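A quick write-up on the structure given underneath.
Where a number appears in this text, it was derived from the coordinates with a stated rule and is not lab data. Note that the coordinates shown come from a computational prediction; the quantities given were computed from them, not determined experimentally. We place every Cβ from the backbone using ideal geometry, glycine too, and count neighbours over all the protein chains shown.
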Amino acid sequence: MNERVDDQGNDQSDDHVIIFDTTLRDGEQAPGCSMTLREKLRVANALRELQVDVIEAGFAAASPGDFDSVQAIAEQVQGPAICSLARCHPEDVARAAAAVKPAERSRIHVFVATSEIHRNLKLQMAKEEIIRRAVESVQLAREHCDDVEFSPEDASRTEPGYLAEVVQAVIEAGARTVNIPDTVGYTVPGEFAELFAYLRDNVPNIGDAVLSVHCHDDLGMAVANSLAAVSAGARQIECTINGIGERAGNCSLEEVVMALDTRQNYFGVSSNIDTSRLYPTSRLVASITGMHVPRNKAIVGENAFAHEAGIHQHGMLKDASTYEIMKPENVGLSRSNLVLGKHSGRHAFRERVGQLGFELDDEEINRAFDDFKNLADRKKELFDGDIEAIIMNVGETRPGPWTLEELQISAGTGKIAGAAVRMSHSDGRNINEAAVGDGPVEAAFKALERVAGFSLELRNFEVRSVTMGEDAQGEVTVTVEYNGHSYRGHGISTDIVEAGALAYLEVINRVSRRIESGTDKPAAPSADAAAV
């Protein structure tokens with residue numbers, strides 16, 4: 001085994017794979033997945049606990065908000081290297097450098113497209129000009145940061161000979177990591193492995209940089225292509241939690257990590273990931289983005305360790321290894337069903353929260369326990385999913401200014417639905433309003449808007465059951481547009497209309513705070529953040 005550690009603290013052993021998480025950059029580019037600064041910090045801290053090696057915190061030059069979030073993560077999250085994406089433009093590199101400067105360990109990730117179709121149709125640049133720009137950008141980034149990564153966008157559709165020229169040039173310029181992205185999810189495992197083998201055979205200085213892989217899932221092969229690249233010599237995998245990302249998404253972190261872990265005898269490599277944190281991290285990202293995990297998703301789906309067929313159940317009773325290649329606890333998934341009731345105490349609640357893989361401070365535990373007791377008065381049975389929902393909700397609790405004190409709904413077949421709300425404001429006001437609508441949800445939303453004094457445009461309304469049973473909690477996620485900005489809100493209750501009202505109220509509070517602070521301005525077009 002060739003053991004080495006670079007001056008950034010990255011393990012460069014031949015049997016170690018660096019996990020580069022781009023949930024906060026490429027993942028956030030998925031429609032509806034934008035996050036607030038507070039949400040990004042929660043995800044970044046979860047990634048730190050997961051022990052990812054690199055967090056790509058955003059694209060600092062895209063907007064002032066992106067810059068602020070990258071900088072805040074660089075200041076507050078220690079452990080992983082904090083990275084910002086940048087186009088091969090001096091202004092982009094300078095913004096990225098300033099954003100990641102506070103980090104304990106920092107990285108700048110520069111990219112430019114190299115495929116013929118991108119050269120001719122998007123960039124309208126000659127091959128030589130692209131190489132020159134790539135080299136200059138890597139050199140400029142190295143002036144700010146020792147750890148520089150370069151990506152030739154659309155590498156999988158770039159002529160291998162030209163790609164080798166680009167890779168050799170950027171390594172000579174100082175790139176420590178060279179990422180080979182399948183930007184449009186076009187390649188297949190055998191073909192992709194051949195490309196990595198070609199680069200290893202035809203780039204003289206290839207040993208001076210870590211080869212990385214970044215795959216999209218347009219043909220459903222992002223994980224397979226990433227694993228093929230590892231077999232062919234890649235030692236960094238770029239991926240996202242739950243595989244979120246543009247179009248069909250990215251390589252799923254939990255899937256590729258558990259493939260390496262479960263088939264370690266085949267791949268002969270390992271990562272630093274604490275796999276017991278996979279499930280809670282997956283649930284956190286799903287809760288924040290509103291992109292819920294399909295029941296049959298590998299590793300973290302609700303059915304991942306469920307066995308319905310009789311022959312499977314018989315085998316499981318004999319020995320779990322007959323039909324399970326992984327243990328659920330290895331990914332942080334609990335097997336228990338009914339866990340706590342209305343008479344359970346704070347200590348039992350805290351212990352169960354820990355068993356589910358979540359870490360809350362004393363203030364959060366107290367708020368969560370209060371919500372738990374309130375829910376226990378309304379539900380006959382409480383399940384792990386109920387506790388998870390409470391935890392996700394309490395972590396996002398924000399002060400007003402508006403609080404929903406009371407909601408009354410009237411509806412019936414052939415009748416116009418009506419809603420009456422009683423709201424309190426942090427300045428001491430108490431307001432009652434009512435409205436009618438095509439249904440109880442619309443009526444409730446209109447009543448809330450009347451209290452707030454502005455109208456929102458509802459873009460999406462999703463509802464799902466958190467647990468089972470007739471008294472199950474319903475989780476509502478709304479996506480709303482106001483003044484060109486998109487907002488997302490969550491609400492959870494055993495009453496779906498109330499859950500929707502709470503989700504809508506979260507958006508109203510966010511918009512109200514922006515209006516009161518004077519920061520509510522029409523959205524400006526952001527820089528083009530390509531799906532590297």
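Tabulated data for the structure shown
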{"quantity": "Overall Cα dimensions of the range 337-395, principal axis frame, Å, largest first", "calculated": "28, 20, 19"}
{"quantity": "Which listed pairs, of K373/K415; K297/K415; K40/K327; K40/K373; K379/K446; K127/K297, have C-alpha distances above 32 Å, in listed order", "calculated": "K373/K415; K297/K415; K127/K297"}
{"quantity": "Viscosity 0.692 mPa s, 37 °C: Kirkwood-radius Stokes-Einstein D of the range 106-157 over Cα pairs, µm²/s", "calculated": "287"}
{"quantity": "Taking F358, F445 and counting other C-beta atoms within 10 Å, the order from fewest to most", "calculated": "F358, F445"}
{"quantity": "Ranked list, fewest to most other Cβ atoms within 10 Å of each Cβ, for D14, D371", "calculated": "D14, D371"}
{"quantity": "Integer Hz, Karplus 6.51/-1.76/1.60 couplings in order for the range 482-490, x for Gly and Pro", "calculated": "8, 6, x, 9, 9, 10, 10, x, 10"}
{"quantity": "Amide H within-cut-off set for S270, under 5 Å, with H built and near neighbours excluded", "calculated": "H16, V17"}
{"quantity": "Amide H partners (placed H, <5 Å) of K297, local residues excluded", "calculated": "E302, N303"}
{"quantity": "Column: log10 I(q)/I(0), Debye, Cα scatterers of the chain, q = 0.08, 0.09, 0.11 Å⁻¹", "calculated": "-0.56, -0.70, -1.00"}
{"quantity": "Restricting the range 394-453 to trypsin sites (Lys or Arg not before Pro) in coil, as DSSP defines it, with at most 10 other Cβ within 10 Å", "calculated": "K415"}
{"quantity": "Sequence ranges 294-300, 262-268, ranked by mean other-Cβ count within 10 angstrom, highest first", "calculated": "294-300, 262-268"}
{"quantity": "Net charge over other residues, Cβ less than 15 angstrom from the Cβ of E359 (K, R count +1; D, E count -1)", "calculated": "-1"}
{"quantity": "The range 18-289, Cα convex hull volume normalised per residue, Å³", "calculated": "111"}
{"quantity": "Cα point-scatterer Debye curve for the range 134-244, base-10 log of I(q)/I(0) at q = 0.10, 0.12, 0.18, 0.22 Å⁻¹", "calculated": "-0.26, -0.37, -0.83, -1.17"}
{"quantity": "Fewest-first ranking of L253, L50, using other Cβ atoms within 10 Å as the exposure measure", "calculated": "L50, L253"}
{"quantity": "Two-decimal ratio, the range 224-285, of alpha-carbon radius of gyration to 2.2 N^0.38 Å", "calculated": "1.11"}
{"quantity": "The range 47-176 - Kirkwood radius from inverse mean 1/r over Cα pairs (Å)", "calculated": "14.9"}
